[in-house]
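Right, one structure below, let's go through it.
The values are calculated or read from the model by the stated rules, or taken from the named source; none is laboratory data. Since the structure is predicted, the reported quantities are computational estimates derived from the model, not experimental observations. Counting neighbours? That spans all protein chains shown, and the Cβs are built from the backbone with ideal geometry, glycine included. All accessible areas refer to the heavy atoms of the entire protein, side chains included, with ligands and DNA or RNA removed. Shrake-Rupley method; radii C 1.70, N 1.55, O 1.52, S 1.80 Å.
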Amino acid sequence: MDSERFHSAFETAAMPDIRPVLFILGFLLLALGLVMLPSAAVDGWHGRPDAQVFLASSALTCFAGGLCIATTRQNRIKLRLREAFLLTNAAWMVLPLFAAIPFVVGANDMNLADSVFEAISGLTTTGSTVISGLAEAPPGLLLWRSMLQWIGGIGIIVMGIAILPFLEVGGMQLFRLESSDRSEKVVPRARSLILSILGVYLLLTVLCISAYALLGMGWFDAVNHAMTTVSTGGFSTYDSSFGHFRSPAIVWTAVLFMLLGATTFPLLIQLLRRDPAPLLSDAQVRAMLGLLAAATAACVLWRLAREPGLDVATAITDAAFNLTSVVTTTGFANTDYQAWGGLPVLLFFLLTFVGGCSGSTSGGFKMFRLIVLVRTGWLSLAKLIQPNAVLFARYQGQPISDQLTAAVLGFAALWVGSWLFIAVALSAAGLDLVSSLTGAATALANVGPGLGAEIGPAGNFATVPDAAKWVLSAGMLLGRLEMMTLLVLLLPSFWRG
């Protein structure tokens, strides 16, 4: 569907029907309420009073979901494109409010701004936190944070398959670049594709749990960190994140599963079907790995030149882990990399914007769009030398259309504009320049830590003013919804009948 057909669909269709939206939203709330029960069980097992908090929160959430279903139930659900956009936005805005209930009424005594911030950070897999003293927090609350990120990780992939192709902004329409007989749609239907992706997601989670446990993590830590690694979320059960674990093997295991979580999931399906060629030849994967290798080498050489006696293996491990965490938008840290000096800090800031592959759990600008921009820019230079030549920018051997190029350029402009707008709002809320710029970037890219003493890898967002937390919460949602999915609601044609 091109942009003209996309807008004409809104112009000719009737006004959005909220009944199917509320009906499906009701089932999502029911599911969210049921997901609270494992946290209640964990707290009950440990004799913690928060077990009752999670039971009450589950009952309230399920009641709200049941009410939505009962009042809008129809014999046949018709979800048109317009309602699909409305449902996606409603789900990502309403579910965090109910997910925040255990934080509001739990033992940590968090206010509304902190609770909503933590819930949104979880579901968007951002990983920014306002909670200190995680090692002493109720285990059910720690599990709840991790489960929010695990749910959010699979949720963004489903949204990408169902919604983003219609926006034509370089999201999931990479599956449309090839002809139907060579398409990267490795299973014929969207439903089958989603089920296959869910199977891969579960498999990666189980493998990650097993690997962490075998390498010395306790089972509770292994389960929590596996969910937040595969989802590229970044929540930890310790304030020091992966700095708590002194095993290089655990750190490198995290690097592997962060990369897998940031890889296009249909390619992983093909890999499991013993067809590794598409994964090995994919432009996004190669660009991500190449960028990480170059940045890691630069940081290692910089530190070795300025820190005499630094162990080479330690330098490589720390650089690879923290850079992978930022590029995949996971947000783990095992050291305060701000102490490494100017060049590494600049690299970390720039890489905050990049993100992983389209069709993965990671956020950010995404490798696909970055490749389109780079190749389009290179083509523009080539045309200066050969103005009469017929030249095309290509992706995976296929020409990149002018329409896609224009859409990606428009998306990039909106991305930069949104980042600057959020940074100005954060500055007005009382943050300093570094915190404002990096806080806006980490929220929009769903990365986690920013830079500076307050929100850097050695700190958290607890001391940020409440007004700034609301701005950051909005930024996290805007980034997770790939902006266009949310901003399309501002079109007058969306609401006109």
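Can you give the accessible area per residue of the chain, in Å², using a 1.4 Å probe?
On a per-residue basis, 41 Å².
In this simple spin-label model, placing a label point 7 Å from the Cα along the Cα-to-Cβ direction at both F27 and L289 gives a separation of 3.9 nm.
Take the eigenvalues of the Cα gyration tensor for region 209-257, scale each by 5, and report the square roots as semi-axes in whole Å, largest first. Walk me through the numbers before you get to the answer.
Details: eigenvalues 34, 29, 24 Å².
In descending order the semi-axes read 13, 12, 11 Å.
Can you compute 3J(HN,Hα) from phi for each residue in region 323-333, using the Karplus curve 6.51 cos²θ - 1.76 cosθ + 1.60 with θ = phi - 60°, rounded to whole Hz and x for Gly and Pro? Along region 323-333, the couplings run 5, 4, 4, 6, 5, 7, 6, 7, x, 5, 8 Hz.
Database remark: amide H of G448 closer than 5 angstrom to the amide H of S128 (H placed geometrically; neighbours at sequence offset of 5 or more, or on other chains; Pro and chain starts carry no H). Quick one: check the C-alpha center-to-center distance for region 253-291 versus region 412-490, whole angstrom. First find each Cα centre; the distance between them is then 29 Å.
Once the Cα gyration tensor of region 227-293 is found, what semi-axes does its equivalent ellipsoid get, as square roots of 5 times the eigenvalues, in whole Å, sorted largest first? Before the final figure, lay out each step's value.
Values: eigenvalues 140, 33, 23 Å².
After scaling each eigenvalue by five and taking roots: 26, 13, 11 Å.
With a cut-off of at most 11 other beta carbons within 10 Å, and DSSP calling the residue loop, which GluC sites (Glu not before Pro) in region 55-158 qualify? Please list them. Let's see the in-between values first.
Values: sites: E83, E118, E136; in loops: none.
Here no loop site has a sparse enough neighbourhood.
Sorting 475-484, 288-297 by average packing, meaning the other beta carbons within 10 Å per residue, from highest down gives 475-484, 288-297. Taking amide H as placed 1.01 Å from N in the peptide plane, Y395 has its amide H under 5 Å from the amide H of I400, each at least 5 places away in sequence or on another chain. At q = 0.16 Å⁻¹, what is the base-10 log of I(q)/I(0) for region 94-154 according to the Debye formula with one equal point scatterer per Cα and no solvent? Please give it to two decimals. Values returned for q = 0.16 Å⁻¹ are -0.41. Solvent-accessible area assigned to carbon and sulfur over the chain amounts to 67 percent, based on a 1.4 Å probe.
Karplus-based coupling profile of region 22-29, in residue order and whole Hz: 5, 5, 5, 4, x, 5, 5, 5, with θ = phi - 60° in 6.51 cos²θ - 1.76 cosθ + 1.60 and x standing for Gly or Pro.
Return the FRET efficiency for the residue pair L433, A467: r is the Cβ-Cβ distance, R0 is 22 Å, and the value is rounded to the nearest 0.05. Can you show the working numbers first?
Details: r = 17 Å, r/R0 = 0.78.
Efficiency, from the Cβ-Cβ distance: 0.80.
Scaled to the compact-protein estimate 2.2 N^0.38 Å, what is the alpha-carbon radius of gyration of the chain, rounded to two decimal places? Write out the running numbers ahead of the final one.
Details: Rg = 22.3 Å, N = 497, 2.2 N^0.38 = 23.3 Å.
Rg over 2.2 N^0.38 Å, computed on Cα atoms: 0.96.
Residues in region 272-278 carry Karplus couplings, in order, of 5, 8, 6, 10, x, 4, x Hz; the curve used is 6.51 cos²θ - 1.76 cosθ + 1.60 with θ = phi - 60°, and Gly or Pro positions show x. Stokes-Einstein diffusion for region 334-383 at 37 °C, viscosity 0.692 mPa s, with a Kirkwood radius from C-alpha pairs, works out to 255 µm²/s.
I need the peptides 486-494, 431-439, 246-254, 328-336 ranked by packing, meaning the mean over residues of other C-beta atoms within 10 angstrom, with the highest value on top.
Working: 486-494: 14.3, 431-439: 21.3, 246-254: 17.6, 328-336: 26.9.
Ranked by mean Cβ neighbours within 10 Å, highest first: 328-336, 431-439, 246-254, 486-494.
Exactly which trypsin sites (Lys or Arg not before Pro) in region 258-343 are in a DSSP loop and have at most 14 other Cβ atoms within 10 Å? Here the trypsin sites (Lys or Arg not before Pro) that fit, given the DSSP loop and packing criteria, are R273, R274.
Using R0 = 51 Å, the C-beta based FRET efficiency linking L202 and L343 works out to 0.80. Per DSSP H run of n ≥ 4, the term is -39500 (n - 2.57); total these for the chain, divide by its residue number, and report the mean residue ellipticity at 222 nm rounded to 500 deg cm²/dmol. Only helices count here, giving -20500 deg cm²/dmol. Starting from one equal scatterer on each C-alpha and no solvent at all, send me the Debye-based log10 I(q)/I(0) for region 382-487 at q = 0.10, 0.16, 0.19 Å⁻¹, two decimals. At q = 0.10, 0.16, 0.19 Å⁻¹ the computed log10 ratios are -0.41, -0.72, -0.87. Under a 5 Å amide H cut-off, with hydrogens placed 1.01 Å from N, S358 pairs with M367, F368 among residues at least 5 apart or on other chains.
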